[in-house]
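Worksheet: one structure, shown below.
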Amino acid sequence: MMYRLGAHPQEWIDRSVVHSFTFEGKTYQGFGGDTITSALAAAGVPYLARSFKYHRPRHVLSFANHDSNLLFQVDGVPNVRGDVTLLSDGMRVSAVNTFGGLTRDKARALDRFSRFLPVGFYYKAFHSKRFFPRWERMFRRLTGLGVVALDAKRETTAKRYGFCDVLVIGGGPSGLSAALGAAAAGARVTLVEESPRLSGSGNGILDGELEATLRLVGAVRASPAITVSCGTVAAAYYADHWVALAEGTRLTKMRAKAVVFAAGVIEQPAVFRNNDLPGVMLASAAWALVLRHRVAPGRNVVMVAANLEAYRVCLDLHAQGVKVAAIVDWRPASGSGPGADGTKGADETATAACEAAGMRVLRGHAPYEAIAGRDGVVTALDVVAVDAGGRPAPGRRQRLACDAVLMSVGWAPAANLLLQSGGTTRFAPDLQQFVPATCPAGVFAAGRLNGVYDFEARVVDGTRAGSEAAAHAGFGVASAALRASNAARAGAARCPSHAFPISDHPAAKNFVDFDEDLQVKDLENAAQEGFDSSELMKRYSTVGMGPSQGKHSNMNALRILARYRGVGVETLALTTSRPMYHPVPLKLLAGRRFNVERRTPVDAEHQQLGAVWMPAGNWRRPEYYAVSGESRADSIEAEVRAVRAAVGLIDVGTLGKIEIYGPDAGAFLDRVYTGKFSTLAVGMTRYGLMLDESGVIIDDGVIARLASDLYYFTTTTSGSATVFRELLRLNASWGMDCALVNLTGHRAALNLAGPASRAMLQALTDVPLGEAQFPFLGVRVGQVAGVAARLMRVGFVGELGYEIHVASGDAAYLWRALTAAGRPHGLRPFGVEAQRVLRLEKGHLIVGQDTDGLTDPFEANAAWAVNMQKPFFVGQRSLKILKQRGPRQTLVGIEVQDAGGRLPKECHLVIERGEIAGRITSVVHSRALNQTIGLALVAPALARQGGEIEIRAEQGVMLKARIVPTPFYDPTGLRQRSAVPVPEPDEATV
Amino acid sequence: MTALSLTARTSLERFGLKGPGAADWLLAQGIGVPPAPNTWLGPATPDDETLLVARLGSSEFFLEDSAGGSVLAAIEPKPGAHPPGVYPVLREDVSWLLTGAGVVDVLAQVCNVDFAALDLTHRPVIMTLMIGVAVLVVPQAGGEAFGRGASANFRIWCDPTFGPYLGESLGEVVRECGGNYRGVSA
């Protein structure tokens, strides 16, 4: 049972501050500086959590955030990591993944049925379609960790960018030395450390390493060139040394010129039956609990060892008053053979010291099974002798009574970010560890991650890496002497990791991955079923896919796979490391949730008029204008009627607007559009269709010629940025004598449309609007309401109309002037929905809605806009091929037959003899025509005028539609060419 | 130390020019031309009433007059009457002045450029993205110390359709950093 020790000068807790909190409804107390885990451990709570799959009781394993044994629900926040989350007063803590509470968890029965839940069982058991809904409901209830509170207060965090010359990741002796080395060369250094304080982990007290480390800490703190950030996880590495740093309350996007990875190594568990019992933990966890939080792991501790570090930890714990009863050393007594440390003298000295302290040392023995007491906590450890090959030889077992088992059998490098940077590793058999093999430019490795274990060697290695990183960033020169010195020390490295710290057991429950409750047999079974590479075994068994991402399991899994296949570990590859290395709360990634939004300069006017807003790409536009007493449908219909019968006004300022100047302006447009523009008369406009190289329609617009060397043209709202970028690229490639200017945001555009538009506008403008002076498709420059304007006669909605383009700063004034002048004429502003109805009544297509990523002009009935006689335009060559091949689909107009009020929707399918033969692209009910009309892309065989098609609407209801010519409304275009009489204002029906 | 603030600039006369003849045309108008792309000439401080000329590329320029200035109104090419090789560019930008203590903290939250590392003696013009919006930034002397000992105020321009979003977002950050935001009234 764990308990609190007396004070120590190096402790991290503040005994003058006492926090009260509840766990599973019961009240406990802890000190300031305690984490949730350390406070509960000090209180002697026997177990704190239930495992993911079998709901086995769990307690501390790593106490370093390298496992997910101890995730808690805290004050409504799920999956709070108890090992590293500081306690605060009044916290309400409960276990996750339980049904009926931690102690009475109903799902604990699953542990007894584990034989029916082998690896991959879900692939085999739940494939039946008939039963799948039931299985899905069961799994949704049973699985998952924590509960998301849907009414939780929304939090935003402030992301920021950071900049430095050298980023050092890891605050142990080698990281501290790297930071000092880089700073000495003149670099700006940022040092990040995931622990709350700089101290390095596992540095011995009795051998003076801790004191030496603290001196390095002092030097770092005193250096003005080094910025330290503790409690910060380097979560991911992206190109160009862009590292995501997850701090408690924000994400820093650090841009460094060079990076030193000194993140150290992660202690690995020994694998034996019941190695997951409460009370069984890593030696480094016990060390941190004792030294930092003054919590003893137990009153009668057994250490499972395979290296010198284990002995140092035992001596440190003994000096702190913790009784270590025995050391079970996996290595043979002779100090040679598998798992031998290589430094016989140091081994013997350590053994003697521990024996002198009253510890029983059992060399050549391995853990076989941990025994649980009635409360589920470990009460004994059964050990067996190892054979000549270092393998546990089940036979005579010795039972060692204990209430805590510590494991110090080896390490795996925290090299994930180095791998993400493009670095590679190789397996070093002498170290039984993967070490860096290659590092990309600007990336350096140091310390135990680099395979350097001796303390002084780590300091030299860190200094070397720091100076090399600084040199790469342009500061100082890397020291060759340092590199040589480091190499010499590295050659004297000893092996701290056992080659195979795994005991087989016929009753299994020897856990490899604690997150996923994976046992040795699970991984062997996966390999046996053919999933016998590291990547396949990972995906089939889920090893390494839990919240710890394999930190404590990948290495042992690789060893098991190697044994199964009869190959060396060095022949197998680590699984690919991808961001994020460590779980990052989504709120840190979301940040302030900036949501880019564009508004036209008439936005405030729309708001005053009661606009109901809708998003159009990253713009906000009026969907319609709400009028008291009118429903949405009625308002839209009224807006449509106003345009057809009198005059309407719409803000089309979201359109892309581009000017092109220069002697080659017309020739350039001839190349980028399908039509001919170099011969367009000054003062006229023409519709333009833009294709990509494969002949697919990508955009359309109206091109106006304002002068011999000046054109002004529009693009679709969604295409403006990409089209401009593409035109710049083409101009740079072709080197023509012209210049492009993007005026999308700097100009506003208003469309005045309806039979009364001319009469209304003439009163405001100096431009003669008579049919002869300003014909359909003309463009004029003048003034409207005293504002400099460009006017274009275009006909998107099919009525006499003028598109008025002005400088952005004049738009709001012009809107007000037009609405005031339009009142006697029955003017009504209209929004996007009304415009959709109007344009569809005219059969006008919308690129990206009525066309898709494969639609060419022939399929879209837009061949009339293509001038194949030009010497060249983008997509021309492809069109020649497409014309020969013939269309795969054809855009047609449809009238939907009366279906009792049911309407198809966009993207509903056209079905012919049970097969998909097309889809609806646009559909509205037109009250003007008293008909549901639409456009559809259909198989060419169906595209006969008068032919009938079937549409599968919602709930599988089949509707009939007839193919008809377009436009549906004013098919000869007389209205937009103003060839119909204009009604008097008082005759308008609005 | 000056308090952190973000202030929308009142409407100033501005326009752009591009084309092979743009630089020579400006010189012919008696206006100094920055020698290199991405540099500027003009007011040393926000209160200085000199014309600002920013060179955005080898043949593209952005000009802004001072408050009350009349230089640009006198020389701006009339629509349709531009000289050969000199193409006027309509500029209706929204602009702000960001200044004061902690300005670099604000910029670090919204922009990927290391402003603290800039050498302001070169009068750099920065064209970059700020919280998703393309902006033009001109650091000017006269502000508080930051970074490696240089000091700067920051003049920021953007497309007017992004103005409300950028102003509100920057203003939110400035307020959280303890500063004031004075926006454009409707």
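The values are calculated or read from the model by the stated rules, or taken from the named source; none is laboratory data. On a predicted model such as this, the values are computed, not experimentally measured, just so you know. All Cβ positions, glycine included, derive from the backbone under ideal geometry; neighbour counts span all protein chains shown. Note: areas computed on protein heavy atoms with side chains; ligands, DNA, RNA excluded. Shrake-Rupley method; radii C 1.70, N 1.55, O 1.52, S 1.80 Å.
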Taking the Cα centre of each part, how many Å lie between the stretch A:642-690 and the stretch A:249-306? 67
Can you tell me how much longer the chain between B:Ala141 and B:Asn38 gets when fully stretched, taken as 0.36 nm per residue apart minus their C-alpha distance, in nm with one decimal? 35.4 nm
Where does the stretch A:527-575 land on Rg/Rh, using Cα atoms and the Kirkwood Rh? 0.94
Out of A:Asn69, A:Thr213, A:Asn275 - ranked by how far each Cα lies towards the positive end of the dipole of chain A, with unit charges on the beta-carbon of charged residues - the top one is A:Asn275
Counting only Cα, what are the radius of gyration and maximum Cα-Cα distance Dmax of the stretch A:233-287, in Å? 17.0, 48
Estimate the FRET efficiency between A:Thr156 and A:Ala333 by the formula 1/(1 + (r/R0)^6), using the beta-carbon distance for r and 60 Å for R0, to the nearest 0.05. 0.50
GluC sites (Glu not before Pro) lying in DSSP loop within the stretch A:631-701, provided at most 11 other Cβ fall within 10 Å: A:Glu693
Toward the positive end of the charge dipole of the stretch B:1-109, about the Cα centre and with charges on Cβ (Lys, Arg +1; Asp, Glu -1), which of B:Gly100, B:Leu17, B:Leu72 goes farthest? B:Leu17
Quick one: which of A:Lys53/A:Lys253; A:Lys842/A:Lys870; A:Lys124/A:Lys509; A:Lys253/A:Lys587; B:Lys18/B:Lys78 span more than 25 angstrom between C-alpha atoms? A:Lys53/A:Lys253; A:Lys842/A:Lys870
Taking amide hydrogens as modeled 1.01 Å from N in the peptide plane, which residues meet the under 5 Å criterion relative to A:Val228, leaving out close sequence neighbours? A:Leu191
At 1.4 Å probe size, what's the solvent-accessible area of A:Arg221? Round to the nearest 10 Å². 140
Cα-centre dipole for chain A with unit charges at Cβ (Lys and Arg positive, Asp and Glu negative), debye to 20: 1200
A:Asp67 accessible area, nearest 10 Å², 1.4 Å probe? 10
Sort A:Thr252, A:Thr85, B:Thr121, B:Thr50 from largest to smallest accessible area, using a 1.4 Å probe on the heavy atoms of the protein chains. B:Thr121, B:Thr50, A:Thr85, A:Thr252
How large is log10 of I(q)/I(0) for chain A at q = 0.06 Å⁻¹ when the intensity is taken from the Debye formula with one equal scatterer per alpha-carbon? -0.65
Over all directions, the average projected area of the alpha-carbon convex hull for the stretch A:1-105 comes to how many nm²? 6.6
Please report Rg (one decimal) and Dmax (integer) in Å for the Cα set of the stretch A:566-661. 25.8, 86
The stretch A:1-75 to the stretch A:863-881: how many Å between their Cα centroids? 73
Quote the charge dipole size of the stretch A:502-585 about the Cα centre in Debye, to the nearest 20; the model charges only the Cβ of Lys and Arg (+1) and of Asp and Glu (-1). 160
I'd like the distance between the alpha-carbon centres of the stretch A:706-782 and the stretch A:356-422, rounded to an integer number of Å. 79
To the nearest 20 debye, what charge dipole does the stretch A:659-724 have about its Cα centre, counting +1 at the Cβ of each Lys and Arg and -1 at the Cβ of each Asp and Glu? 220
With label points set 7 Å from each Cα along the Cα-to-Cβ direction at A:Gln849 and A:Ser20, the distance between them in nm comes to 6.3
How far, in degrees from 0 to 90, does helix A:455-472 lean away from the longest principal axis of the Cα atoms of chain A, to the nearest 10? 20
Quick one: angle between helix B:163-176 and the longest Cα principal axis of chain B, in degrees between 0 and 90, rounded to 10, please. 30
Whats the longest run of chain A with zero chymotrypsin sites (Phe, Trp or Tyr not before Pro) that are DSSP loop and have at most 13 other Cβ atoms within 10 Å? A:132-871
If you take the beta carbon distance between A:Asp634 and A:Val148 as r and set R0 to 35 Å, what does 1/(1 + (r/R0)^6) give as a FRET efficiency, to the nearest 0.05? 0.30
